[in-house]
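This report concerns only the one structure given below.
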Amino acid sequence: MRKLTKQQKRDIRAIGAKKDEDIDFSDAPLVLDWSGAKIGQFYRPAKRPVTMRLDSDVIEWLKADGRGYQTKANGLLRHAMLYYTKKESLTGHDISVRRLSKARKRKRKA
C-alpha cells in the first residue's frame with residue numbers, strides 16, 4: 001500500500017474535523033435493507049510474517065508472473081490445506097488459486 005501524500009493527509013484531517021451533520025451524503029444513499037448482505041465476504045485471516053527455505057526453482061516459478069509471488073504461494077498453500085482437510089473455503093480465498101489455474105491453462109495453449 002502506498003503512503004498518503006501531504007494533500008491526502010490534509011483532506012483526511014479536514015473531513016475528520018467536520019461534524020456528521022455537515023457531511024453531504026447525497027451521493028451515498030442510506031441502505032435500510034440488508035437482506036442481500038453476505039456475511040464474511042470480505043473476511044481475511046490475519047497474516048503473520050514467516051521465514052521459509054524454498055528451492056530456488058520454486059521461487060523462480062513463483063516470481064515468474066511478476067509481483068505478488070507471496071500471495072500466489074499463500075493461495076497454493078491454502079488450496080492444498082483445504083484439499084487435505086476437506087474444509088469449505090471462505091468466500092474469496094480460492095480466487096487467487098483459480099487465477100493461477102487459468103494462467104497455467106493459457107501457458108499450456110501457447
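Restricted to segment 54-90, and to residues that are closer than 26 Å to residue 1 by Cα and among the basic types (Lys, Arg), which residue is surrounded by the most Cβ atoms within 10 Å (Cβ to Cβ)?
72
Mind checking which residues of segment 1-55 are aromatic (Phe, Trp, Tyr) and touching a residue at least 12 places away in the same chain (Cβ under 8 Å)?
42, 43
Being modelled with pLDDT of 60 or more, in a helix (DSSP H, G or I), out of contact with any helix residue (DSSP H, G or I) (no Cβ under 6 Å at 6 or more places or on another chain) and basic (Lys, Arg) is the filter here, so list the residues in segment 61-110 that pass it.
78, 102, 104, 105, 106, 107, 108, 109 - these are the residues of segment 61-110 that are modelled with pLDDT of 60 or more, in a helix (DSSP H, G or I), out of contact with any helix residue (DSSP H, G or I) (no Cβ under 6 Å at 6 or more places or on another chain) and basic (Lys, Arg).
Which of the residues that make up segment 10-21 are over 28 Å from the mean Cα position of the chain (by Cα), open to solvent by 100 Å² or more (accessible area, probe 1.4 Å) and modelled with pLDDT of 90 or more?
Matches in segment 10-21: 18, 19.
Of all the residues that make up segment 9-47, how many are part of a loop (DSSP other than H, G, I, E, B), charged (D, E, K, R) and farther than 30 Å from residue 74 by Cβ?
5
The values are calculated or read from the model by the stated rules, or taken from the named source; none is laboratory data. No experiment lies behind these values; they were computed from the predicted model shown. Cβ: placed from backbone, ideal geometry, glycine included. Neighbour counts: every protein chain shown. These area figures cover heavy atoms from the full protein model, side chains too; ligands, DNA and RNA do not enter into them. Shrake-Rupley method; radii C 1.70, N 1.55, O 1.52, S 1.80 Å.
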